[in-house]
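The values are calculated or read from the model by the stated rules, or taken from the named source; none is laboratory data. Everything quoted here is computed from the prediction, not taken from an experiment. Cβ placement follows ideal geometry from the backbone for every residue including glycine, while neighbour counts extend to all protein chains displayed.
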Amino acid sequence: MNGVNNRTGKRLSGVAHLRQSVSDILTTPIGSRVLVRDYGSDLFSLVDNPRDDLTRLQIIAASATALARWETRLKVTRVLVSFPEGQSGCVLDIEGINKETNLPVRTGDITIYGKQL
């Protein structure tokens, strides 16, 4: 699939477009898009919860659910969650299979910011 780089405006395709799409889905709070209110993820309701195993599992589930719904090119196989020391929010690294090529893909770090104090 082809698209446009959301920072430079230049053409974007392949794995780079897939990574950008995954990042966009996960960093968009549900209800924030005027024309597509259910687009995005529930991560923003979770990132300021206690940094424990329950929150980690909820973040993994919210990520996998959002990507299963909105990014049909990706089959998620693993969601890695880390909580940076001294910062609000979390960092995600998504692993999966690109359904268009059947090749493994990894997003790299996607930061979900918590509430700013």
(request) Go through Arg7, Arg51, Arg37 for me and flag whichever is over 20 Å from Thr111 (Cβ atoms) and not in a helix (DSSP H, G or I). (result) Arg37
(request) Consider only pairs whose beta carbons are under 7 Å apart and that are at least six residues apart or on different chains; among these, list those whose first residue lies in segment 16-36 and is farther than 22 Å from Thr101 by Cα and whose second residue is modelled with pLDDT of 90 or more and loosely packed, with under 12 Cβ neighbours inside 10 Å. (result) Ile30/Asp38; Gly31/Arg37
(request) Write out, first by first residue and then by second, each pair whose Cβ atoms fall under 7 Å of each other, whose residues are 6+ apart or on separate chains, and whose first residue, in segment 92-117, is closer than 23 Å to Asp42 by Cβ and small (Gly, Ala, Ser) while the second is at pLDDT 95 or above and surrounded by 14 or more Cβ atoms within 10 Å (Cβ to Cβ). (result) Gly96/Leu74; Gly96/Lys75; Gly96/Val76; Gly96/Val105; Gly108/Asp93
